[in-house]
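Peer 1: After the structure tokens below, expect a handful of questions from me.
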Amino acid sequence: MSPFSIPRQTIALVGWVALSFAAAAVGALASRQAQGFYQELIRPSWAPPATIFGPVWSVLYLLMAIAAWLVWRQDGFRNAGTALGLFIVQLVANAIWSWLFFALHQGALASAEIVVLWFLILGTLVAFWRVRPLAGILLLPYLAWVTFATALCIAMWRLNPAVLS
């Protein structure tokens, strides 16, 4: 049982959702022209259509927010500060990737950064699992998607060296 009152838990849930979707919004700013840019790139045969990314990311950000909230509910930042700090760092790294790839067209940097993001997600997942296993489980789809996105990012960088310098 959480040591926090229901109103405080509700406010915290809204806060974690807002934080997660704020990171999504920062990435989305860099991705305003993403669909057209993505269509212009040479893509591997296994690349999904551009329309898939928005719905998938929306679900993932919601799962991330719920996972962070579950960890926070255990005892706030007092006992889960490291796990929640990792969560915030990986949110920042997540937003940076969109700027590197879509806004700056930096394929090498985006590829290196998404590998760093993958390790940050893995670290967050493990830290969340230790506090609340369900929170770790909720991050598994995110880790799986970023694993796929890492392969896609590297493949597109290699297929488009002139565009993704």
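The values are calculated or read from the model by the stated rules, or taken from the named source; none is laboratory data. These figures come from a predicted structure and were not determined experimentally. Here the Cβ is made from the backbone with ideal geometry for all residues, glycine too, and neighbour counts use every protein chain on show.
Peer 1: Filtering the stretch 29-49 down to residues that are over 17 Å from Trp157 (Cβ atoms) and part of a helix (DSSP H, G or I), which residue is modelled with the lowest pLDDT?
Peer 2: Gln35
Peer 1: Next question. Filter the stretch 113-132 for residues that are surrounded by fewer than 21 Cβ atoms within 10 Å (Cβ to Cβ) and among the aromatic types (Phe, Trp, Tyr) and give the result.
Peer 2: Those that are surrounded by fewer than 21 Cβ atoms within 10 Å (Cβ to Cβ) and among the aromatic types (Phe, Trp, Tyr): Trp118, Phe119, Trp129.
Peer 1: Just to verify a result, which residue in the stretch 42-62, among those that are among the hydrophobic types (A, V, I, L, M, F, W, C) and crowded, with 18+ Cβ neighbours inside 10 Å, is farthest from His105 (Cα to Cα)?
Peer 2: So the first thing to find is which residues in the stretch 42-62 are among the hydrophobic types (A, V, I, L, M, F, W, C), and the list is 42, 46-47, 50, 52-53, 56-57, 59-60, 62.
Still in the running and crowded, with 18+ Cβ neighbours inside 10 Å: 57, 60.
Numbers: Trp57: 20, Leu60: 24 Å.
Ranking the qualifying residues of the stretch 42-62, first place goes to Leu60.
Peer 1: Any residue at all in the stretch 45-68 that's over 27 Å from Leu164 (Cβ atoms) and more than 16 Å from the chain's Cα centre (by Cα)?
Peer 2: No - not one qualifying residue is present in the stretch 45-68.
Peer 1: Looking at Ala65, Ala110 in this structure, which one is surrounded by 19 or more Cβ atoms within 10 Å (Cβ to Cβ) and more than 23 Å from Val17 (Cα to Cα)?
Peer 2: Ala110
Peer 1: A further question on this structure: Which one is surrounded by the most Cβ atoms within 10 Å (Cβ to Cβ) among residues in the stretch 68-94 that are small (Gly, Ala, Ser) and more than 26 Å from Ala30 (Cβ to Cβ)?
Peer 2: Ala83
Peer 1: For the stretch 10-28, how many residues meet the condition of being among the polar types (S, T, N, Q) and either closer than 18 Å to Leu159 by Cβ or touching a helix residue (DSSP H, G or I) at 6+ places or on another chain (Cβ under 6 Å) (or both)?
Peer 2: Matching residues across the stretch 10-28 total 1.
Peer 1: Just one of the numbered conditions (1) outside any helix (DSSP H, G or I); (2) modelled with pLDDT under 90 is not true of Arg78; which one?
Peer 2: Only one criterion in (1) outside any helix (DSSP H, G or I); (2) modelled with pLDDT under 90 is unmet by Arg78, namely (1).
Peer 1: Report whether or not Leu134 is part of a helix (DSSP H, G or I), more than 29 Å from Tyr38 (Cα to Cα) and not hydroxyl-bearing (Ser, Thr, Tyr). It would help to see each step written out before you state the result.
Peer 2: Working: part of a helix (DSSP H, G or I): yes; more than 29 Å from Tyr38 (Cα to Cα): yes; not hydroxyl-bearing (Ser, Thr, Tyr): yes.
In short, yes.
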